[in-house]
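First the structure, in the form of structure tokens, and then the observations on it.
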Amino acid sequence: MPSPSSTSAQDINTEIGNSSTASVNLNETKVRNLAVDSSGEISFAQCRWGINIPGGAAALTYGQNYATDNKLTLSDYAYAQEPSSASATCQVLIRSNGQFSIYTGQGGYVLNKTWLTSGSAGDYTIQFQRTSGDALTGGDSTNTDHALSTTRAFNLDASVPYPGTGYSYKTTSGNLILKDSGGTLISRPITFTSEAEVGGGIPL
């Protein structure tokens, strides 16, 4: 994957779902949503960081989502019938080997991108800035810059334990903020939603 300074029109077209040979207008809504920049001049480098830390719904084609907004949306739903338990998990992993991954309990690893385009992972930090909703249930702490010399994870889990029936719903929203020594490279809006349910058994 090219570095921010060598991002091509073809790279942008591929991410937003256009033909690879289409002309790129940096003022187009899809491109602005990719770069997470709604006004003013934008650059190919901003678009590369948008490709590295993408938006879109985890179950959909990512490029199509840029037509409507710039948010990264993860959701997981788990259902079981008693006697059992149910658990749902959404997770974002920013790995020290340079890979950006999304995991959901029902879908597995649904996206893998390369976020590291130059230098070493330790030159960068990541933060999940929580703005609303439930607290994350696992991984690294929120509202803190974490060095990417270590793999970082942000999790939201919902569960209904055995025994019994019930429903658990958790959701949280915020921003994934990638920085280097010069400051913020991209701030990607993100929403996690995890739902777990255990229904009543069939009478004998």
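Every condition in (1) buried (at least 16 other Cβ atoms within 10 Å of the Cβ); (2) without any contact (Cβ under 8 Å) to a residue 40 or more places away in the chain; (3) aromatic (Phe, Trp, Tyr) is met by residue 109 except one, and the failing one is (1).
Across the stretch 23-45, the qualifying residues are those that are part of a loop (DSSP other than H, G, I, E, B) and surrounded by 14 or more Cβ atoms within 10 Å (Cβ to Cβ), and the one among them that is farthest from the chain's Cα centre (by Cα) is 24. Give the residue that is modelled with the lowest pLDDT, with candidates limited to residues of the stretch 46-73 that are part of a helix (DSSP H, G or I) and within 21 Å of residue 95 (Cα to Cα). This residue is 62.
Within the stretch 113-129, the residues that satisfy the criterion of being assigned to a loop (DSSP other than H, G, I, E, B) and either surrounded by 14 or more Cβ atoms within 10 Å (Cβ to Cβ) or acidic (Asp, Glu) (or both) are 115, 116, 117, 124. Only one of 171, 137 is surrounded by fewer than 20 Cβ atoms within 10 Å (Cβ to Cβ), in contact with a Gly (Cβ under 6 Å, 6 or more places away or on another chain) and more than 22 Å from residue 50 (Cα to Cα); which? The unique qualifying residue is 171.
Residue-wise test of (1) within 17 Å of the chain's Cα centre (by Cα); (2) without any contact (Cβ under 8 Å) to a residue 60 or more places away in the chain.
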residue	(1), (2)
98	yes, yes
103	yes, yes
114	yes, no
117	no, no
125	yes, yes
130	yes, yes
165	no, no
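The values are calculated or read from the model by the stated rules, or taken from the named source; none is laboratory data. Just so it is clear, the model here is predicted, and its values are computed rather than measured. Using ideal geometry, Cβ is built from the backbone for each residue, glycine included, and neighbour counts are taken over all protein chains shown.
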